[in-house]
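J.: Sending over a structure as structure tokens; questions will come in a sec.
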């Protein structure tokens, strides 16, 4: 059976399922590009910045400004732009900036969860409607060939809509869990990298040489 025929046979629930699949595909593509950029560049940037910061805070600051599309760069800049902070203020600035980045890192999670939850339910709705259609086509005492067409169409609608709902949910769940794993790893790395920068700042602060990044 051709794809178009399968779509028609699945009944009207195929339309919202099609919309969900298109939406999920677009959001998955956006998140994949977002995380790929972070994975490819973040570790190298942090290593460079930490090495530069211990030698020349202004050079580290400039390097961060060239990479403000990365969350970790914006977090570091939020602390480095403070005017002569003490270590506690520096730490609070890092933590506040990290909290501000969380919505971006978790972007579209609610949409993914909605698609994962509703797609199987729509498939189940299609199953019920297909069975209703099958039973409605039956007449007591009449089980001839004409009736089997309606029964077959109803069963096809039930099975196709159910399978489609599960496919959309499983496909979305696979990527949503992948992005959730990347998010959790990113939170751990932000804490680790922020702690390393805070340690460098605290050491310079205790030695009496405030590391002004913008001078």
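Every number in this text was worked out from the coordinates using simple rules, so none of it is lab data. Small disclaimer: the values here were computed from a predicted structure and weren't measured. Methodologically, a virtual Cβ is constructed for each residue, glycine included, from the backbone with ideal geometry; neighbour enumeration extends over all protein chains shown.
J.: When you scan region 13-20, do you find a residue that is outside any helix (DSSP H, G or I), in contact (Cβ under 8 Å) with a residue 40 or more places away in the chain and at negative phi, even just one?
T.: Within region 13-20 (the criterion being outside any helix (DSSP H, G or I), in contact (Cβ under 8 Å) with a residue 40 or more places away in the chain and at negative phi), the answer is yes, since at least one residue qualifies.
J.: Would you please name the residue that is nearest to residue 184 (Cα to Cα), looking only at residues in region 82-106 that are surrounded by 16 or more Cβ atoms within 10 Å (Cβ to Cβ) and touching a residue at least 60 places away in the same chain (Cβ under 8 Å)?
T.: 105
J.: Could you say whether any residue in region 87-105 is over 16 Å from residue 194 (Cβ atoms) and either outside any helix (DSSP H, G or I) or touching a helix residue (DSSP H, G or I) at 6+ places or on another chain (Cβ under 6 Å) (or both)?
T.: No; the residues of region 87-105 include none that is over 16 Å from residue 194 (Cβ atoms) and either outside any helix (DSSP H, G or I) or touching a helix residue (DSSP H, G or I) at 6+ places or on another chain (Cβ under 6 Å) (or both).
J.: Also, I was wondering about something else. Can you name the residue in region 47-56 that is surrounded by fewer than 22 Cβ atoms within 10 Å (Cβ to Cβ) and touching a residue at least 60 places away in the same chain (Cβ under 8 Å) and, of all such residues, is nearest to residue 196 (Cα to Cα)?
T.: Taking the candidates together, the pick is 50.
J.: Now a separate question. Identify, from the list 24, 73, 59, 79, the residue that is farther than 22 Å from residue 191 by Cβ, in contact with a helix residue (DSSP H, G or I) (Cβ under 6 Å, 6 or more places away or on another chain), part of a helix (DSSP H, G or I) and touching a residue at least 12 places away in the same chain (Cβ under 8 Å).
T.: None of the other options fit; the residue is 24.
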